[in-house]
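The values are calculated or read from the model by the stated rules, or taken from the named source; none is laboratory data. This structure is a prediction, so every number in the text was calculated from the model and none was measured. Here Cβ is always computed from backbone atoms with ideal geometry, including for glycine, and neighbour counts include all displayed protein chains. For the accessible areas, the whole protein counts, side chains as well, though only heavy atoms, and no ligand, DNA or RNA atoms are used. Shrake-Rupley method; radii C 1.70, N 1.55, O 1.52, S 1.80 Å.
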Amino acid sequence: SARRADPFEAVGPSGASPRDTISAVLDTAIAQRPSKADTVACYAVCLDAPGALLSTYGRSGFERVQSVMEDRIAGAVRDGDVLRQFDSGRFAIAIVSHRRIDLESAIQIAGRMQKSLCEPVSLDGTTVHFTVSIGFCLLSRAHEATGAALLASAELALNEAWINGPGAIRAFTADIRHRSEQQVGLRDQIEAAFDNGEIVAFFQPQLS
């Protein structure tokens, strides 16, 4: 199917990564929004079981599913929004609106997107079924009014959705950020403990 013209394609940084492109689009939208209006949001989408699809249908089949997903997301969002694909089975969408985006309308956008994405895909005579999880963040909920912070928050919400999936939708909250920081802190403590020899393995022989 024909994809919508990307309004950022002609003005984006040459050779920019998908992540940098989404962040730049969000930064521009944040700078241009009227007053402090909540007219900017970021969505992150992922396949719930990309490994299973890849092992069952191979690389070509997996890429076909991703291509269909990209077309469907492009068809679900509005003109002016920007879509980019990240690593396997993951997408990010910069949502730019002329009107305020509240939590209810943001959830409705996610629901429409998910409904469209989860329609079965025909692949070499086989019907492929799959589910996706979605995370999103409104500008007013991000800890900083920057594109990078908005994208990072959407991805944290996506991770929370994926953990609670399949087919979950999560909005970013301060609690999600707090849990993420706790996990990072615990990981750093464990790594430091290994490096300092504070974790020692003891083995008890078992005889039969």
Take the Cβ-Cβ distance between T126 and Q85 as r, set R0 to 25 Å, and report the resulting FRET efficiency rounded to the nearest 0.05.
0.60
Rounded to the nearest 20 Debye, what is the dipole magnitude of the chain about its Cα centre when Lys and Arg each give +1 and Asp and Glu each give -1 at the C-beta?
620
Using +1 at the C-beta of Lys and Arg and -1 at the C-beta of Asp and Glu, which of W162, V45, T56 has the Cα lying farthest in the positive direction of the dipole of the chain?
V45
Can you give the alpha-carbon Rg of the range 13-109 over 2.2 N^0.38 Å, where N counts its residues?
1.22
5 Å-binned pair-distance histogram of the range 95-134 (Cα, whole percent):
6, 20, 21, 17, 13, 10, 7, 5, 2
Binning every alpha carbon pair distance of the range 42-92 at 5 Å from zero, what are the percents per bin?
5, 21, 31, 21, 13, 6, 3, 0
Alpha-carbon radius of gyration plus Dmax, which is the widest Cα pair, for the range 104-158 in Å:
15.0, 48
Sort the following peptides by mean Cβ neighbour count (other Cβ atoms within 10 Å, averaged over residues), highest first: 161-169, 186-194.
161-169, 186-194
HN-Hα J couplings of the range 191-208 from phi, Karplus 6.51/-1.76/1.60, θ = phi - 60°, integer Hz, Gly and Pro as x?
4, 5, 5, 4, 4, 8, x, 7, 10, 10, 8, 10, 10, 10, x, 10, 9, 10
Given the convex hull over the Cα atoms of the range 99-208, what projected area results after averaging over all orientations, in nm²?
13.9
Please go through the range 60-160 and write out the trypsin sites (Lys or Arg not before Pro) that DSSP classes as loop and that have at most 11 other C-beta atoms within 10 Å.
R78, R99
State in Å² the accessible area per residue of the range 52-99; use a 1.4 Å probe, count heavy atoms of protein chains only, and round to the nearest integer.
48
Going by alpha carbons, how many degrees (0 to 90, nearest 10) lie between the helix axis of 50-76 and the longest principal axis of the chain?
30
Rg and Dmax of the chain, Cα atoms only, in Å:
20.0, 75
Give, as a single signed number, the net charge of other residues whose beta carbon lies under 14 Å from the beta carbon of A106, with Lys and Arg counted +1 and Asp and Glu -1.
+2
At a 1.4 Å probe radius, carbon and sulfur cover how many percent of the accessible area of the chain?
51
Can you give me the angle between helix 18-32 and the longest principal axis of the chain, using Cα atoms only, in degrees from 0 to 90, rounded to the nearest 10?
50
